[in-house]
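Since the structure comes first, as structure tokens, the remarks are kept for the end.
The values are calculated or read from the model by the stated rules, or taken from the named source; none is laboratory data. Not measured: the values here are computed from a predicted model. Quick reminder, even Gly has a Cβ in these numbers, built from the backbone with ideal geometry, and neighbours come from all protein chains shown. With ligands, DNA and RNA removed, areas are computed over all heavy atoms of the protein, side chains included. Shrake-Rupley method; radii C 1.70, N 1.55, O 1.52, S 1.80 Å.
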Amino acid sequence: MLDRLFSIAARGSTPRREVLAGATTFLTMAYIVIINPQIMATTGMDAGAAFAATCLAAAIGSALMGLLANFPIALAPGMGLNAYFAFAVVGGMGVSWQVALGAVFLSGLIFLAVSLLRVREWLVNGIPLGLKLGIAAGIGFFLGLIGLKGMGLVVAHPATLVTLGPLSETSTLLSCLGFLLIAGLSARRVPGALVIGILATALLGLPFGLTEFGGVVSVPPSLAPTFLQMDIAGALGLGIAGIVFTFFLADLLDNTGTLIATTHRAGLMRPDGTVPNLGRALFADSGGAILGAALGTSTTVSYIESAAGIQAGGRTGLTAVTVAALFLLTLFLAPLATAIPGFATAPALVFVACLMAQALRSVEWDEMTEYVPAMITALAMPFTFSIATGIGIGFISYAALKLLAGRGAEVSGAVWLIAALCIAKFGLA
């Protein structure tokens, strides 16, 4: 039955290998059930409900990808997008988390529409690689700043804006040890390095009274505080269009990059570069974002950590379905996940930032009109503390620099359109 459903034998795999691959993917991305609820809780959302929403969104999204597209790709609330949701939209703009969820819901609907209408290909193909890489790295820098602040290494300063925090703080020292542990385990290619590092750092805080565990296993927390609480009418109000667009664009770029990278690694891409069942995969992605907002979490995306499971032999949707089952089991570990203190998760944010910064190595450094907009995009995000602003400045600078260099013909219609929308947005701000 499994072979008929997932074509396991046809793809040169076995059920046992697929299940083991699913477990590998889960271990590499399980950190999200610890980090995402903490980020969501900064908006005023109930931490227990956010934990349940994270697990359910990951389970449903991964199951959709496995059953509809038969891809070994897992989904979960995206890192970077959750930071934008909590710190830029709710914290920075003063938007309520209910309205922010409404924006996530609407962006999912737009993503679904452009996927069905094939507008997605026009937009993605029209955005230059340099800007895509700059956006990826910039979100990483944004996360890195948040993580360094959470570790206590970066604090505010009236003259220099930021400075080094007090290294005598026990929590800061433990955070530094946690980061080195995560990096060291990752260098040794230990599965679940992030989760191990987070838990070990939290345990080190017990003797100092910095960590308080209230158990490990319990009945899953109630989803009621966040379920169907998105304010769609509020999200349709004046001034929210830019937020919806940013969620949509980041979701579009994130999912596209992950799908291309993982399907190529799994040998599922055709020789001409096309991907079979791509429409179904995009439907699963957009459906995951829509359902995630309804459950009460930020945008659900395909996870690049799926590459770990593919490396372990995963080739079919059974890998993703296995990940979904493990996320459902994780629902019963709420006391453990919600008790992890911030100083234990902050090092993971910094490490994820380091991984995302690798995108810059593929920038065309010999071409000024490519690398300057990419760097402006990446730098603007942390220094304006806004992912949306960084993306907007990046598109505007790309179009302007190409025009001033006498190479305006190289700018695609998609970039001109997005740049114009961003100029209009900044002008109305």
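Structure above, values below:
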quantity: Some residue of region 25-40 being more than 22 Å from M356 (Cβ to Cβ), part of a helix (DSSP H, G or I), open to solvent by 20 Å² or more (accessible area, probe 1.4 Å) and at pLDDT 85 or above; calculated: no
quantity: Hits in region 277-289 - residues which are open to solvent by less than 30 Å² (accessible area, probe 1.4 Å) and out of contact with any Lys or Arg (no Cβ under 8 Å at 6 or more places or on another chain); calculated: A281, A284, D285, S286, G287, G288, A289
quantity: Residue that is modelled with the highest pLDDT, among those in region 412-428 that are open to solvent by 40 Å² or more (accessible area, probe 1.4 Å) and of a type outside the set (G, A, S); calculated: W416
quantity: Failed condition for P207, given (1) open to solvent by 20 Å² or more (accessible area, probe 1.4 Å); (2) in contact (Cβ under 8 Å) with a residue 12 or more places away in the chain; (3) more than 30 Å from W416 (Cβ to Cβ); calculated: (2)
quantity: Matching entry among A399, A348, A378 (being in a helix (DSSP H, G or I), open to solvent by less than 10 Å² (accessible area, probe 1.4 Å), among the small types (G, A, S) and farther than 25 Å from I182 by Cα); calculated: A399
quantity: Residue among P225, P191 that is at pLDDT 75 or above and closer than 30 Å to F332 by Cβ; calculated: P225
quantity: Of residues in region 180-197 being in a helix (DSSP H, G or I) and open to solvent by 50 Å² or more (accessible area, probe 1.4 Å), the one farthest from A348 (Cα to Cα); calculated: A187
quantity: Residues being over 16 Å from R11 (Cα atoms) and modelled with pLDDT of 85 or more - total across region 301-333; calculated: 12
quantity: F51 being under 17 Å from S306 (Cβ atoms), touching a residue at least 40 places away in the same chain (Cβ under 8 Å), part of a helix (DSSP H, G or I) and among the aromatic types (F, W, Y); calculated: no
quantity: Residues (open to solvent by 60 Å² or more (accessible area, probe 1.4 Å) and either among the hydrophobic types (A, V, I, L, M, F, W, C) or at positive phi (or both)) located in region 6-24; calculated: A9, A10, V19, L20
quantity: Filtered residues of region 56-103 (kept if within 15 Å of T246 (Cα to Cα) and among the small types (G, A, S)); calculated: G78, G80, A83, A86, A88, G92, A100, G102, A103
quantity: Residue check for L174: modelled with pLDDT of 80 or more and open to solvent by less than 30 Å² (accessible area, probe 1.4 Å); calculated: yes
quantity: Qualifying position, being out of contact with any strand residue (DSSP E or B) (no Cβ under 6 Å at 6 or more places or on another chain), among the aromatic types (F, W, Y) and within 19 Å of G78 (Cα to Cα), among F383, F332, F343, F351; calculated: F351
quantity: Test for P382: is it in contact with a Ser or Thr (Cβ under 7 Å, 6 or more places away or on another chain) and of a type outside the set (G, A, S); calculated: no
quantity: A339, sole failed condition from (1) out of contact with any Lys or Arg (no Cβ under 8 Å at 6 or more places or on another chain); (2) surrounded by 23 or more Cβ atoms within 10 Å (Cβ to Cβ); calculated: (2)
quantity: Among the residues listed as L64, L131, L106, the single one being part of a helix (DSSP H, G or I), open to solvent by 40 Å² or more (accessible area, probe 1.4 Å) and hydrophobic (A, V, I, L, M, F, W, C); calculated: L64
quantity: Scope region 61-95; condition within 26 Å of E18 (Cβ to Cβ), in contact with a strand residue (DSSP E or B) (Cβ under 8 Å, 6 or more places away or on another chain) and not small (G, A, S); matching residues; calculated: L64, M65, I73, L75, P77
quantity: Count - residues of region 199-235 that are within 22 Å of A50 (Cα to Cα) and not in a helix (DSSP H, G or I); calculated: 21
quantity: Test: residue in region 122-132 that is within 16 Å of the chain's Cα centre (by Cα) and touching a residue at least 60 places away in the same chain (Cβ under 8 Å); calculated: yes
